[in-house]
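Comments concern the structure below.
Throughout, read-outs are computed from the coordinates displayed, never taken from laboratory work. Source: prediction; values computed, not measured. Every residue, glycine among them, receives a Cβ derived from its backbone with ideal geometry; neighbour counts consider all protein chains shown.
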Amino acid sequence: MIDRSNRVYSIKPSKDALENAKCCPIDNTFKLIGKRLTVHILRNMMMQDQTRFNEFLYSIEDANPKTLSTRLREMEADGLIERKVYPDEIPIRIEYHLTEKGNRLRSILEQMAAFSMRYCSEDVFKDKKPRTLRQAFGIAPSIIK
């Protein structure tokens, strides 16, 4: 790991943490966000304020209704998003919103983007030049805020 002063340090779990661990916390987080479309849904909710099924469907490359519907249900069951139904409207309107748990993933996604924009810029940008989050999106990472 690297701290803000770019010093490398290692994570050494305590004996208690090792004895009481059920699984690797990194693996567990990956299980929550590693399925197809999940990161894209989170990204679109966080960066584009999308809340509706069709917004996700038409803005996420290679998304199909069945997979999107399944993923939204799984994300709701995992506590990452909440589904809000407006039954008094015709047609019925359904929106999805991030929960606190889902919002806490913002800094992880920002760091993933920052990593890719810095170290994989040839794959990310047409001009192949590395960028920071501020340069690309006009934002500072949420962990700094």
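With N set to the number of residues, divide the alpha-carbon radius of gyration of region 105-145 by 2.2 N^0.38 Å and report two decimals. Present the calculation step by step, with values, prior to reporting the outcome.
Values: Rg = 10.0 Å, N = 41, 2.2 N^0.38 = 9.0 Å.
With N residues counted in region 105-145, Rg over 2.2 N^0.38 Å equals 1.11.
Estimated translational diffusion coefficient (Stokes-Einstein, Kirkwood radius over Cα pairs, 25 °C, 0.890 mPa s) of region 23-102: 187 µm² per second. Helix 38-47 and the longest principal axis of the C-alpha atoms of the chain enclose an angle of approximately 90°. The modelled label-to-label distance between K22 and S69, using points 7 Å beyond Cα along the C-beta direction, is 3.1 nm.
If you rank M112, M75 by fewest surrounding Cβ atoms within 10 Å, what's the result? All intermediate terms of the calculation are to be shown ahead of the outcome.
Working: M112 14, M75 25.
Going from sparsest to densest Cβ surroundings: M112, M75.
Decide, for region 35-81, between rounded, prolate and oblate: order the square roots of the alpha carbon gyration tensor eigenvalues as a ≥ b ≥ c, take rounded if a/c falls under 1.5, and otherwise choose prolate if a/b is larger than b/c, else oblate.
Judged from the Cα gyration tensor, region 35-81 comes out oblate (a/c at least 1.5, b/c at or above a/b).
With neighbour counts taken as other beta-carbon atoms within 10 Å, the residues C23, C120 rank, fewest first, as C23, C120. Once you reduce region 119-138 and region 14-54 to the center of their Cα atoms, the two points are 24 Å from each other. When the alpha-carbon atoms of region 9-60 are used, the pair Rg, Dmax equals 16.8, 48 angstrom. Most mobile of R71, R134, R36 per a Gaussian network model of the chain (Cα springs, under 10 Å)? For the chain, modelled as a Gaussian network with Cα springs under 10 Å, the answer is R134. Footprinting exposure proxy ranking of V85, V39, fewest other C-beta atoms within 10 angstrom first, gives V85, V39.
For the residue pairs K12/K101; K35/K66; K35/K84, the C-alpha atoms sit more than 19 angstrom apart in K12/K101; K35/K84. Computed extension length for K129-R36: 30.7 nm, one decimal, from 0.36 nm per residue of separation with the Cα-Cα distance subtracted.
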